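To start, the structure itself, in structure tokens.
Nothing in this text is a laboratory measurement; each read-out follows from the coordinates by a stated rule. Keep in mind that this is a model prediction, so the values were computed, not measured. In this analysis, Cβ positions are derived from the backbone assuming ideal geometry, glycine residues included, and neighbour counts consider all displayed protein chains.
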Amino acid sequence: MSDMVMQQVILRKNSPTGPSSNETAEKIGRAGATVVDQKASSLLIEGDEETIRSVTKSLNGWITIPMKRYSVPDTRKKAG
């Protein structure tokens, strides 16, 4: 079993001349990452950090936004 850390990033289209979301999703899939959600101007992708880094650095017209996860604090009162 590998210790690969899966991460999620949002790709946001920031140029009308960039490739479409379908073309971008196909490129990401060929690289080994997974498209979790797809809209016309954004993609949510999941994969290991190195795969995501290598596929997104060559994308023109798209910006990468890392997903941040927050844990919900425990607000229960503690006795004692």
Subject >> Among Thr56, Ser20, Tyr70 the positive-end extreme of the charge dipole of the chain (Cβ point charges) >> reply: Tyr70
Original post:
Over region 17-66, what number does the Rg to Rh ratio reach, with both radii from the alpha-carbon atoms and Rh per Kirkwood?
Top reply: 0.90
Original post:
Taking θ as phi - 60°, what are the ³J(HN,Hα) couplings along region 66-74 by the Karplus curve (6.51, -1.76, 1.60), each to the nearest whole Hz, with x for Gly and Pro?
Top reply: x, 7, 10, 10, 10, 8, 7, x, 7
Original post:
Residue by residue through region 43-57, which ³J(HN,Hα) values in whole Hz follow from phi under the Karplus form 6.51 cos²θ - 1.76 cosθ + 1.60 (θ = phi - 60°), with glycine and proline marked x?
Top reply: 9, 9, 10, 9, x, 6, 4, 5, 4, 4, 4, 5, 7, 7, 5
Subject >> Relative contact order computed over the chain (Cα-Cα under 8 Å; 6+ residues apart), in percent >> reply: 40 percent
Original post:
Can you list the lysines whose alpha carbon sits under 22 Å from that of Lys57, skipping same-chain ones fewer than 8 residues off?
Top reply: Lys13, Lys27, Lys39, Lys68
Subject >> Hz values of 3J(HN,Hα) by residue in region 24-41 - Karplus curve (6.51, -1.76, 1.60), Gly and Pro given as x >> reply: 5, 4, 5, 4, 5, x, 5, 6, x, 8, 10, 8, 7, 8, 9, 10, 4, 10
Original post:
Can you give the extra length, in nm with one decimal, that the chain gains between Ser42 and Met6 once fully stretched, where that is 0.36 nm per residue apart less the Cα-Cα distance?
Top reply: 11.0 nm
Original post:
So how do 41-48, 12-19 stack up, highest first, on mean other-Cβ count within 10 Å?
Top reply: 41-48, 12-19
